[in-house]
1. How large is the dipole of the chain about the Cα centre if only Lys and Arg carry +1 and Asp and Glu carry -1, each at its Cβ, rounded to the nearest 20 debye?
2. Would you calculate, for the chain, the mean residue ellipticity at 222 nm contributed by helices, counting each DSSP H stretch of 4 or more residues as -39,500 (n - 2.57) and dividing by all residues, to the nearest 500?
3. Taking the Cβ of Lys18 as the centre, find all other residues whose Cβ is under 14 Å away and add up their charges (Lys, Arg: +1; Asp, Glu: -1).
4. Would you tally the net charge around Leu34, using a Cβ to Cβ cut-off of less than 15 Å, leaving Leu34 out, and scoring K and R as +1, D and E as -1?
5. Taking the chain as the reference, fit the longest principal axis to its C-alpha atoms, fit the long axis of helix 54-68 to the helix C-alpha atoms, and give the angle between the two in degrees, 0 to 90, nearest 10.
6. The stretch 1-64: D in µm²/s via Stokes-Einstein (Kirkwood Rh, Cα pairs, 25 °C, 0.890 mPa s)?
7. Can you give me the angle between helix 21-49 and the longest principal axis of the chain, using Cα atoms only, in degrees from 0 to 90, rounded to the nearest 10?
8. For helix 8-18, what angle does its Cα long axis make with the longest principal axis of the chain, in degrees from 0 to 90 and rounded to 10?
Amino acid sequence: MSVEPKEPQDVANEYLRKHHITELFEVSSSLNQLFNEFIQDLCTAICFKQPENVEQFIIEQLKLKKNQGN
């Protein structure tokens, strides 16, 4: 009784399923979207407010975001 070797794609799919790789990409995609939205908002705020010290403004915005838990 010989066992047929598994197809490479089946082995790969089994690995992805076993290690929840697909779910990791879904989470990563969601985080990437949130990051992009934050960067867009930050750039808009910089253009609108035109702070004298842009670096300090960015630091303040990051601290605000952290304190808000977002």
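The values are calculated or read from the model by the stated rules, or taken from the named source; none is laboratory data. These numbers were taken from a predicted model, which means no experiment stands behind them. Ideal geometry is used to build each Cβ from the backbone, glycine not excepted, and the neighbour counts take in all protein chains shown. Heavy atoms of the whole protein, side chains included, go into the accessibility calculation; ligands, DNA and RNA do not. Shrake-Rupley method; radii C 1.70, N 1.55, O 1.52, S 1.80 Å.
1. Numbers: 7 positive and 11 negative charges, 60 e Å.
So the magnitude is around 280 debye.
2. Values: 3 runs with 55 residues, N = 70.
Using -39500 (n - 2.57) per qualifying helix, the result is -26500 deg cm²/dmol.
3. Values: positive: Lys6, Arg17; negative: Asp10, Glu14, Glu23.
In short, -1.
4. Details: positive: Lys65, Lys66; negative: Glu26, Glu37, Asp41.
In short, -1.
5. 60
6. 157
7. On a 0 to 90 degree scale, this one is about 10.
8. Once rounded, one gets 60 degrees.
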